[in-house]
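Below is one structure; the comments refer to it alone.
The numbers here are math on the coordinates, done by the rules we state, and not lab data. Just so it is clear, the structure is predicted and the values come from calculations on it, not from any experiment. All Cβ positions, even for glycine, are placed from backbone atoms using ideal geometry, and neighbour counts span all protein chains on display.
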């Protein structure tokens, strides 16, 4: 492809996992246009997922609940984008507000999925039925780049961790008597929260799993979560009979650094699962059978992994106790989960 000096904006303003699986877009664009200026628009709490990314030249923070709230906020973001002189915008997952902003900013080439009213603001609309989960979310994102004539698609998911964050995580392990477990590849991370993104195990189940990993296989277990998940983590810990520690942080960089230390990371389908995959930590992931949440679309990418699904029929949405498979996540047994962990760590 002939090299063109372009100014490209990529928008992904939803959650942690969404941004992580969008990282292949930046590498693909930079490979196609090495001299292009590539900017990312994300929420403030996800910006560190792109910090140090060699394929991202600029990060624009989108704050719809404060700075960019209401009409005045929309106009403020429009001014920011106009000042950026972008010739192309790729909105990986759009809504009315984002579509309006890109249109008012006068960006000549506007690319997005053909979704509801928002698509009216774009001049390149790609028909996608993401909720059908026929391919990975990363592939849905990359498909939008075909409008630009790009065919060499990269699918590397990565987070570039600050050296200081890595050093701080190792110091944490030393101070909490976990460093030897890390050295011996016996340190397991368990993340019981999901932020409501998918169905999950009950806290008691995670507690039982942690106890058995410790008592039967001499693993050390670190429970992880955000600051808003302290109560859940305390509940899991209180139901355990064995000793565990809790690591909480609202810093993406701190969490990414800690995830890199685990020999295996156990969670439901959640943002930190994608972060773990991005730092090449082996993952054991508990998925529910809801179509829009299936691992074909949301599974981890690029790491050693075991994906566990209950033996229940695929469904379009959870109808809770009206479904005879309402407790479907409990069909994923602790034995199966432990087996997956041991396979990844190398214990037969």
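Take peptides 69-77, 160-168, 232-240 and line them up by average Cβ neighbours within 10 Å, highest first, as a rough protection proxy. All intermediate terms of the calculation are to be shown ahead of the outcome.
Working: 69-77: 13.8, 160-168: 15.4, 232-240: 18.1.
Result, highest mean Cβ count within 10 Å first: 232-240, 160-168, 69-77.
Estimated from helical segments only, the mean residue ellipticity of the chain at 222 nm is -10000 deg cm²/dmol, where each DSSP H run of four or more residues counts as -39500 (n - 2.57).
How high is the relative contact order of the stretch 165-345, given as a whole-number percent (alpha carbon pairs under 8 Å, six or more residues apart)?
Values: 326 pairs, mean separation 38.2, N = 181.
Once normalised by length, the contact order is 21 percent.
Across the stretch 165-345, Cα-Cα pairs farther apart than 23 Å form 37% of the total. Across every pair of different alpha-carbon atoms, what Kirkwood hydrodynamic radius in Å does the chain reach? Averaging 1/r across every pair of different Cα atoms and inverting gives 21.3 Å.
Using C-alpha pairs below 8 Å separated by at least 6 residues, the relative contact order for the stretch 7-148 is 22 percent.
Judged by the mean number of other Cβ atoms found within 10 Å, the most tightly packed of the peptides 336-343, 137-144 leads the ranking 137-144, 336-343.
Working from the alpha-carbon coordinates of the stretch 148-227, get Rg over Rh, Rh being the Kirkwood radius. Could the numbers behind the result be given before it?
Values: Rg = 17.4 Å, Rh = 15.7 Å.
Computed over Cα atoms, the ratio is 1.11.
Considering every alpha-carbon pair of the stretch 1-156, the percent of pairs per 5 Å bin, from zero through the bin containing the longest distance, is 2, 9, 19, 24, 23, 15, 6, 1, 0. Considering only 78, 19, 89, the Gaussian network model of the chain with Cα springs below 10 Å gives its largest mean-square fluctuation to 78. Calculated translational diffusion coefficient of the stretch 1-62 (25 °C, 0.890 mPa s; Stokes-Einstein with Kirkwood radius over alpha-carbon pairs) equals 211 µm²/s.
Report the gain in length on full extension from residue 175 to residue 347: 0.36 nm times residue separation, minus Cα-Cα distance, nm rounded to one decimal. Intermediate results must be reported in sequence, preceding the final value.
Values: separation 172, 0.36 × 172 = 61.92 nm, distance 2.73 nm.
Full-extension gain reported as 59.2 nm.
Of all the options 229, 204, 216, the one that moves most in a Gaussian network model of the chain with Cα springs shorter than 10 angstrom is 216. Sorting 39-45, 251-257 by average packing, meaning the other beta carbons within 10 Å per residue, from highest down gives 251-257, 39-45.
Please tell me the relative contact order of the chain in percent, rounded to the nearest whole number, where contacts are Cα pairs under 8 Å and at least six residues apart.
Values: 674 pairs, mean separation 52.0, N = 348.
Relative contact order for the chain comes out at 15 percent.
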